[in-house]
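> To start, I am sharing the structure in question, which I have written as structure tokens.
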Amino acid sequence: MSGKRPTLADVANRAGTSTAVVSYVLNNGPRPVSDLLRAKVMSALDDLDYRPDGRARALRRPRRWRQIGLLVPDLTLPLFGEFVGRIEVEARARDHLTLIGNTGYDPERELEFATAFAEVGVDGLLVVGAANAPQTANLCRRERIPVVWMHNIRGAVEADIIGVDHVSAGELIARHLRDVHNCRDVAFVGGVTAADVRHGDRETVQQRLEGVAAVVGQDLPIIRTDLTPSGAYGAVSAILREGGPPSRALVVGTYGQTAATIRAVADAGLRIPDDVRIVGFDGAATDYGRLRLTTVQQPVDVLARAALGRLLGENPSTHGQFVPTLRVGETCGCVVSTPPG
């Protein structure tokens with residue numbers, strides 16, 4: 001093709017058919033196409049690496065807006081709410097509307113949303129915390145929809161993931177406990193296996209656990225939960241009822257379980273951080289609780305811009321992994337004199 005963008009006519013010539021048939025395959029109608037001819041067209045599309053001309057498609061629309069699909073696993077969790085809010089702002093600034101699907105970490109629901117988005121003609125798909133990455137990737141390939149992955153995924157795909165290094169995040173929080181507070185007596189709160197967690201981000205929690213273990217030792221105790229707040233409260237409370245704090249410090253694998261862990265420790269009559277230090281991950285940039293949480297945070301704004309830029313072809317070579325940062329609060333035992341803000 002000598003660098004020229006392949007056209008519908010090029011695909012038709014390669015498949016030995018008409019441009020109308022190619023259009024029927026790309027748009028799933030309005031006329032039926034035999035399985036044999038559809039396979040020839042799909043093969044030609046792959047051979048030529050054909051992509052629909054987004055600019056021409058936009059010109060055919062009565063409005064200037066284009067559309068992207070955004071799949072997130074749980075809109076009730078603060079981190080994913082932050083991602084949605086930032087991506088929507090960045091997309092709107094680029095004349096893109098955002099269609100949002102809340103998958104609940106359900107593989108079938110994720111594929112259902114992705115299929116629906118393909119049917120309404122989204123120009124690209126962002127998937128945060130995929131629970132069904134291989135099948136969603138196959139669908140996007142068949143429908144010729146660009147897809148970008150964020151945060152973490154379940155299953156293997158041949159693509160970078162836009163997110164932070166969660167192993168490094170675990171190492172960062174564990175080194176703070178060890179180097180600043182001389183604390184190596186650490187337990188980890190979270191679920192890391194399918195037996196622990198049916199619907200939840202166990203991949204991220206597992207990676208954070210690996211980072212903590214690399215610093216404080218592979219034999220650190222794990223308080224296993226199902227990654228819900230009630231699960232954390234119940235599991236931590238049960239351990240405390242058995243004979244006091246399991247360790248001098250608790251690293252909580254998800255922000256959604258941090259408040260429940262703090263409540264369980266307080267309800268057991270223990271003081272934070274005097275009796276038990278508590279640290280975690282993510283969370284809002286500011287908080288106004290009695291004690292500010294020491295946490296490793298993700299650069300949500302940077303991640304959102306990078307993911308959307310890659311999806312829209314603005315910065316396709318952007319490296320996938322970004323650096324998390326430590327926000328020091330008081331739950332680890334540090335003294336913080338400046339107000340939140």
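The values are calculated or read from the model by the stated rules, or taken from the named source; none is laboratory data. Remember, predicted model here, so these are calculated numbers, not experimental data. Cβ placement follows ideal geometry from the backbone for every residue including glycine, while neighbour counts extend to all protein chains displayed. Note: accessible area is taken over every heavy atom of the protein model, side chains too, but ligands, DNA and RNA are not part of it. Shrake-Rupley method; radii C 1.70, N 1.55, O 1.52, S 1.80 Å.
> Would you work out which of Val22, Leu172, Gln206 lies farthest towards the positive end of the dipole of the chain? Charges go on Cβ: Lys and Arg +1, Asp and Glu -1.
So the residue furthest toward the plus end is Val22.
> I need the phi-derived Karplus couplings for the range 173-188: 6.51 cos²θ - 1.76 cosθ + 1.60, θ = phi - 60°, integer Hz, Gly and Pro marked x.
6, 5, 5, 4, 5, 6, 7, 8, 10, 6, 10, 10, 7, 10, 10, 10
> What percent does the relative contact order of the chain come to when contacts are Cα pairs within less than 8 Å and at least six residues apart?
With pairs under 8 Å counted, the relative contact order is 14 percent.
> Using a 10 angstrom cutoff on alpha carbons, build the Gaussian network for the chain and name the most mobile of Pro246, Pro324, Pro30.
Checking each option, the largest mean-square fluctuation is seen for Pro30.
> I've got another one for you. Report, by chain and number, residues whose modeled amide H sits under 5 Å from the one on Gly101, excluding near sequence neighbours (fewer than 5 apart, same chain).
Leu70, Leu71, Val72
> As a test of reading the structure, rank Glu108, Glu119, Glu171, Glu90 by solvent-accessible area (1.4 Å probe, protein chains only), most first.
Details: Glu108 120, Glu119 140, Glu171 50, Glu90 20 Å².
Ranking Glu108, Glu119, Glu171, Glu90 by accessible area, largest first, yields Glu119, Glu108, Glu171, Glu90.
> Ratio of the range 193-273's C-alpha Rg to 2.2 N^0.38 Å, to two decimals? Write out the running numbers ahead of the final one.
Values: Rg = 12.4 Å, N = 81, 2.2 N^0.38 = 11.7 Å.
Computed over Cα atoms of the range 193-273, the ratio equals 1.06.
> Indicate, rounded to the nearest 5 percent, the antiparallel portion of the DSSP beta bridges found entirely in the chain. Intermediate values should be presented prior to the final figure.
Numbers: 3 of 34 bridges.
Of all bridge pairs located within the chain, approximately 10 percent are antiparallel.
> Check which residues have an amide H placed less than 5 Å from Gln67's amide H, if you skip close sequence neighbours.
Amide H to amide H, under 5 Å and 5 or more residues apart or across chains, Gln67 pairs with Leu97, Asp123.
> Let me ask you something else. I want to verify the translational diffusion coefficient of the range 154-218 in µm²/s; compute it with Stokes-Einstein, Rh as the Kirkwood radius over Cα pairs, at 4 °C and 1.567 mPa s. Provide the component values of the computation, followed by the final result.
On the way: Rh = 12.9 Å.
Rounded to a whole number, D works out at 101 µm²/s.
> Within the range 191-279, which GluC sites (Glu not before Pro) sit in a loop by DSSP and count at most 14 neighbouring Cβ atoms inside 10 Å? Intermediate values should be presented prior to the final figure.
Values: sites: Glu203, Glu210, Glu242; in loops: Glu242.
When the GluC sites (Glu not before Pro) of the range 191-279 are filtered for loop state and at most 14 Cβ neighbours within 10 Å, Glu242 remain.
> Right, next: In a Gaussian network model over the chain where Cα atoms closer than 10 Å are linked, find which of Ala131, Ala114, Ala268 has the largest mean-square fluctuation.
Checking each option, the largest mean-square fluctuation is seen for Ala268.
> Further question: To the nearest 20 Debye, how big is the dipole of the chain about its Cα centre, given +1 on the beta carbon of each Lys and Arg and -1 on that of each Asp and Glu?
Details: 39 positive and 39 negative charges, 227 e Å.
Roughly 1100 debye for the chain.
> Please determine, in degrees from 0 to 90 and to the nearest 10, the orientation of helix 133-142 with respect to the longest principal axis defined by the Cα atoms of the chain, where the helix direction is its Cα long axis.
Helix 133-142 sits at roughly 20 degrees to that axis.
> Provide Trp65, Trp149 ordered by accessible surface of protein heavy atoms (probe 1.4 Å), highest first.
On the way: Trp65 50, Trp149 5 Å².
Per-residue accessible area, sorted high to low, gives Trp65, Trp149.
> Another one. Of Leu8, Tyr255, Val89, which is farthest along the charge dipole of the chain in the positive direction, counting Lys and Arg as +1 and Asp and Glu as -1 at C-beta?
Value: Leu8.
> Just the number, please: Stokes-Einstein D of the range 90-163 in µm²/s, Kirkwood Rh from C-alpha pairs, 25 °C, 0.890 mPa s.
On the way: Rh = 12.5 Å.
D = 197 µm²/s.
> Using only alpha-carbon positions, what ratio does the radius of gyration of the chain give when scaled by 2.2 N^0.38 Å?
1.18
> A further question on this structure: Using +1 at the C-beta of Lys and Arg and -1 at the C-beta of Asp and Glu, which of Tyr105, Tyr50, Thr193 has the Cα lying farthest in the positive direction of the dipole of the chain?
Positive-most Cα among the choices belongs to Tyr50.
> Can you compute the helix-only [θ] at 222 nm over the chain? Use -39500 (n - 2.57) per DSSP H run of at least 4 residues, normalise by all residues, nearest 500 deg cm²/dmol. Numbers along the way, then the final one.
Values: 12 runs with 138 residues, N = 341.
Only helices count here, giving -12500 deg cm²/dmol.
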